[in-house]
Structure formats: C-alpha cells, structure tokens
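The block underneath contains the structure these notes are about, expressed in structure tokens.
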Amino acid sequence: MTEEAIKIEGGKKSIFMDKVKEILPDGGNLNLCLTCGACSSGCPATGLGDMDPRKFLRMAALGLDDEILKSDWVWWCSMCQRCIYVCPMKIDIPQLVYNVRASWPREDRPKGILGSCDMALRNDSCSAMGATPEDFQFVVEDVLEEYQEAQPEFKDMQAPIDKEGAEFFLNQNSREPVTEPDELVPLWKILHLVGADWTYGSKGWGGENYCMFLAEDESWEHITRTSAEQADTLGCKTFLNTE
Ligand code: SF4
Ligand code: SF4
C-alpha cells in the first residue's frame, strides 16, 4: 500500500493550535510533543481515515489546517481523553479536536450528534431523545409501581423526582425511560439496598450531552447548567453523573 506524502510548503501558522494555546493553562502543552506515539497506541480512533492523534497533532503543529479540515477524523475521536492520560507531556489533543469540530459549519456536522443536541435543547429534561419532564415522571412512577407490586422484597423501593435535600442528585441516560424502561430498575435496586438518599431532577435528568460532542459552547453549557442548577435548587450535596 502506498501513502501519499504530505508536502510542507513554508512554516504556516495553525489557527487551531493558536486558539487552544489561548484557552488552556500552559497552552495545553501543544508544543511539547516528543512524537513517542503513546497517544496513538491506545486511541480507539487510530487508523480510521488514515489518521491518529500523533499525526493529527503534527499536522496542526505544521499549520496544515486545510488538510485537517478535509478529514472527518475529528468526528471519530470519542473525546475519551486516553491520549492525555498516557501522554508524558499531558498534551490536550481532545481540546484541539473540539476546536476543529467547532470550526465546521453547523449544518455540515454529523446528523446524529446534531439532531441529539437539538432534541436536548427542546425542553428542560435535556434529554437527547426529546422526552419531556412529564413523560419521564410518568414512566418512572409507572415502572416503580410495577416492580413494587411484582417483587415484594422491593415494595419500599423509591425512585424520587425533585426530592428536596437528597444527598445524591442522579442523572439518567434518556434512552432507557424512552425505549427500555426496565433498564432503569437495577440501579434503583442497588440504591435501595445500600440505603442511598437520592433523587432525579424533573429538570436536567438527561445525562448525555451531545451538544458537547457537537462542540457548541453555548448549548452544552446550557445543558450542564440546567442540570447543575436543579441539583442546587433541591439542595443536593453530591452530583452523580451516571453517563
Ligand atoms: S503521547 Fe504525547 S508526546 Fe507522545 S506522541 Fe502523543 S502527544 Fe506527543
Ligand atoms: S480523546 Fe480522541 S484522540 Fe484522544 S485517545 Fe480518545 S479518541 Fe483518541
């Protein structure tokens, strides 16, 4: 297999690199790469689209912004942050990925991520499935009642929504109440058996944040803030992010 060599013509500056250096402490260490390859070795997106995080960083360092923008690779990065974890220089490649994503026109971003973010912005649930607070409450109460009756050992189990002063504020992947409501129950059982004092919020119960993956600052802040403010309003002490 032959690979086309990338021709470097002059020392171009990278807008992506400069932006990340501006916003991160110590410039995200982007200039400190040792080219050791540790990031690429554990990256789930290595090899997709003939790209890997080390190559991506090199291309940005060389000012190859136009070539980077031609690749879909930034959307295959899972933002898992493994690369930072293993990097001896703690270089923040996902932040670089985020900034490249943010430079894409909104309408050209992947439809699945875009649609899920738009759904989450529809109401205060922040659910990527678009479920309303009322629908969530109905499903939780219905499933709880069913299990309390069917399994007498769990007749006192609770699944509170908006319980003031609860120790733990939980969020919830919104696929479960919408498509697989029985999958809600194992976690309720664990919390019941350990005697945890917990609650969902009617607002901000949707745990996923596709707007972050969409790289849309205002939207993902809105999702996060809605959830965090509900936890504060209820006086919960600990935010448990189940996603
Ligand atoms: S792990 Fe860090 S230092 Fe090594 S190649 Fe990747 S970014 Fe560079
Ligand atoms: S954050 Fe992205 S680049 Fe880093 S290891 Fe995960 S998938 Fe790879």
Which listed residue is open to solvent by 40 Å² or more (accessible area, probe 1.4 Å), of a type in the set (S, T, N, Q) and out of contact with any His (no Cβ under 8 Å at 6 or more places or on another chain), from Thr226, Thr199, Thr179: Thr179
In the set Met119, Met51, Met79, the lone residue that is within 13 Å of ligand 2 (Cβ to nearest atom) and closer than 30 Å to Pro181 by Cα is Met79
Residues of the stretch 135-166 being closer than 22 Å to Gly235 by Cα and in a helix (DSSP H, G or I), in sequence order, are Phe136, Gln137, Val140
Could you check Glu107 against (1) out of contact with any Phe, Trp or Tyr (no Cβ under 9 Å at 6 or more places or on another chain); (2) within 15 Å of ligand 2 (Cβ to nearest atom); (3) at pLDDT 95 or above and say which number it fails? (2)
A careful count of residues in the stretch 208-238 that are more than 26 Å from Pro105 (Cα to Cα) and part of a loop (DSSP other than H, G, I, E, B) gives 3
Of those in the stretch 63-87 that are over 22 Å from Tyr210 (Cβ atoms) and within 14 Å of ligand 1 (Cβ to nearest atom), the residue least open to solvent (accessible area, probe 1.4 Å) is Cys87
Flagged in the stretch 88-108 as in a loop (DSSP other than H, G, I, E, B) and open to solvent by less than 20 Å² (accessible area, probe 1.4 Å), in numbering order, are Ile91
Are there any pairs, at least 6 apart or on different chains, whose C-beta atoms fall under 8 Å, with the first in the stretch 75-87 and of a type in the set (Lys, Arg) and the second within 12 Å of ligand 1 (Cβ to nearest atom) and not in a helix (DSSP H, G or I), and if so, which? Arg82/Gly42; Arg82/Cys43
Residue list for the stretch 37-62, filter: open to solvent by 60 Å² or more (accessible area, probe 1.4 Å), farther than 26 Å from Tyr210 by Cβ and part of a loop (DSSP other than H, G, I, E, B): Leu62
How many residues does the stretch 122-156 contain that are acidic (Asp, Glu) and touching a residue at least 40 places away in the same chain (Cβ under 8 Å)? 2
State all residues of the stretch 202-223 that are under 30 Å from Trp73 (Cβ atoms) and open to solvent by 20 Å² or more (accessible area, probe 1.4 Å); if no residue qualifies, say none. Asn209, Tyr210, Met212, Phe213, Glu216, Asp217, Glu218, Trp220, Glu221, His222
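The values are calculated or read from the model by the stated rules, or taken from the named source; none is laboratory data. Everything numeric here is computed off the predicted structure, so don't read it as measured data. A quick note on method: Cβ atoms are made from the backbone with ideal geometry, for glycine too, and the neighbour counts reach across all protein chains shown. Calculation scope for accessible area: heavy atoms of the full protein, side chains included, ligands and nucleic acids excluded. Shrake-Rupley method; radii C 1.70, N 1.55, O 1.52, S 1.80 Å.
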